[in-house]
Amino acid sequence: MGIIDDVKDTLSKAVFSPATLLTGRGGLHMCQIILCVVTFLLGAFRGGSSHTYWNYAMFTWAFCPIMTLIITIIEMFKLDIPLNLFCMDWPDFATGMAMSSSLMTVTVAITYANFYACLKCVYGWIVSIFAFLCGILYVLEVVKDKFLDRKTGSYLAALPGFWKVMEAFVSCMIFISLSGYRDKPALIFCVIAYIIPFPILPVIIATNILKKLKKCLPFNLDKFVFIFLVISVVLYVFAAIIWPIFMFKNNPRPKDCPPSFCIWAIEFMVAFLTYVNLILFIVDLIFTLLGICNFKRT
C-alpha cells in the first residue's frame, strides 16, 4: 500500500501551473523559443538550401526550440513529477538538453557566420548575430543549472552521457562536410565507417535516459557499450588513415582557398573531425573499461 500511496501522491502533484512561465527558467525558455524561431525565419528568408551547412543550421533552429517548448509544457503541467518517478531523471534530462542545445546553437552560429557573413553581406551578419544570441541564451541556462543551481546530472548532464552527445554531434558535422568521395571507392568505405556507429549512439543515450528500460534489458549495457566503442575505434582508425591518404594525394591546397567556400578546406575539415571523434571514442572506451573494472568515474 505504501507504494500505491506514493504513486497517488505523486500523480496528485501533476497539475497545470502557468506560474512556471514567470520564473527565471520559464522566462529564459520563452526567450530561447522566440529567438530561435525569429532566427529560423530570417535564415529561411535568406535562403541557401543547396548548402548542407545551411540545412543543418535550419534544423538546429527548429529542433532546439521544439525541444525547449516540449520541456516547458511538461514542466508547466507538472508532468515532470511522474516522469521523474516512473521513467527518467527529469532534471538530468532537462539540463542535458540545454547542454546539447548550447553545443548545437553555438557551433551553428560560428559556421553560419563563416559561410554567410562578409563585409558586404549585411543580411548574413543580421542572421549571424541572432544565431549567436540563441547560443548565448542556451549557454546561460547551462550556467544557471550547473553553477548557480548546482544541479548534478546522472547521465545526460554528466560526463558519460554528454560525451556520447559530443560523439554524435561530431559525426553529424562530418556528414554535412562530406564531399569529393563518390568516385573513390576507398573513401566510400570511410563514409561507411562513419555511418555504422552513428545510429547506435542515440539508442545508447535513450536507453540510459530511460532508467526503467535499462533495468529491463536482458544483457549488461556497459559491456555492450564497450564492444560498440571498440568497433567504433577500429572504424575511425581506418578512416583516419585512409581519408587523408586518398583525399589529399596529388590534391594540394589551392592558392586561393578561403575557408568559406573552398572545397579543399571542407574536405580537410572532415579529416580533422575524424581525428577529433577518434579521440572522443578512445577516451570514452578507456572510461567505460575502467567502469566495468569497478573504477568509479568522477
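Taking only Cα atoms, what is the 0 to 90° angle, nearest 10, from helix 2-12's long axis to the longest principal axis of the chain?
Orientation of helix 2-12: about 70 degrees from the principal axis.
Write out the chymotrypsin sites (Phe, Trp or Tyr not before Pro) in the stretch 260-293 meeting two conditions: DSSP loop, and at most 12 other Cβ atoms within 10 Å of their Cβ.
Those that pass, being in a loop and sparsely packed, are F261.
Give me P(r) over the stretch 30-179, computed from all C-alpha to C-alpha distances, binned every 10 Å, as integer percentages.
The percentages, shortest bin first, are 11, 38, 33, 15, 3, 0.
Once both axes come from the Cα atoms, what is the angle between helix 185-195 and the longest principal axis of the chain, in degrees from 0 to 90, rounded to 10?
Approximately 10 degrees, to the nearest ten.
How far, in nm, would the chain grow between I282 and V237 when pulled straight, counting 0.36 nm per residue and subtracting the alpha carbon separation?
That pair, I282 and V237, stretches by 15.2 nm at full extension.
Just to be sure I understand the model, the point goes 7 Å from the Cα along the line to the Cβ. What's the resulting L85 to L41 distance in nm?
4.1 nm
Can you put M269, M76 in order of accessible area, largest first, using a 1.4 Å probe?
Values: M269 80, M76 30 Å².
Result, largest first: M269, M76.
Quick check: the angle from helix 122-143's long axis to the longest principal axis of the chain, C-alpha only, nearest 10 degrees?
With both axes taken from Cα atoms, the answer is about 40 degrees.
If you stretched the chain out fully between A206 and W163, how much longer would it get, using 0.36 nm times the residue separation minus the C-alpha to C-alpha distance?
Gain in length upon complete extension: 14.1 nm.
What is the mean projected area of the alpha carbon convex hull for the stretch 144-298, to one decimal in square nanometres?
Average of the hull's projected areas for the stretch 144-298 equals 11.7 nm².
Just the projected area, averaged over all directions, of the convex hull on the alpha carbon atoms of the stretch 96-226: how many nm²?
On the way: hull surface 44.6 nm².
About 11.2 nm², averaged over all directions.
Using only the Cα atoms of the stretch 197-284, what do you get for the radius of gyration and for Dmax, in Å?
18.0, 58
Give the share of C-alpha pairs in each 10 angstrom bin for the chain, from 0 to the last occupied bin, in whole percents, shortest bins first.
The distribution over the chain is 6, 23, 29, 26, 12, 4, 1, 0, given as percents.
Largest first, how would Y116, Y138 line up by accessible area (1.4 Å probe)?
Numbers: Y116 25, Y138 0 Å².
Per-residue accessible area, sorted high to low, gives Y116, Y138.
The values are calculated or read from the model by the stated rules, or taken from the named source; none is laboratory data. What you see is a predicted model, and the numbers here were worked out from it, not measured in a lab. Note that each Cβ is placed from the backbone with ideal geometry, even for glycine, and that neighbours are counted across all protein chains shown. We work out accessible area using only protein heavy atoms, side chains counted, and drop any ligands, DNA or RNA first. Shrake-Rupley method; radii C 1.70, N 1.55, O 1.52, S 1.80 Å.
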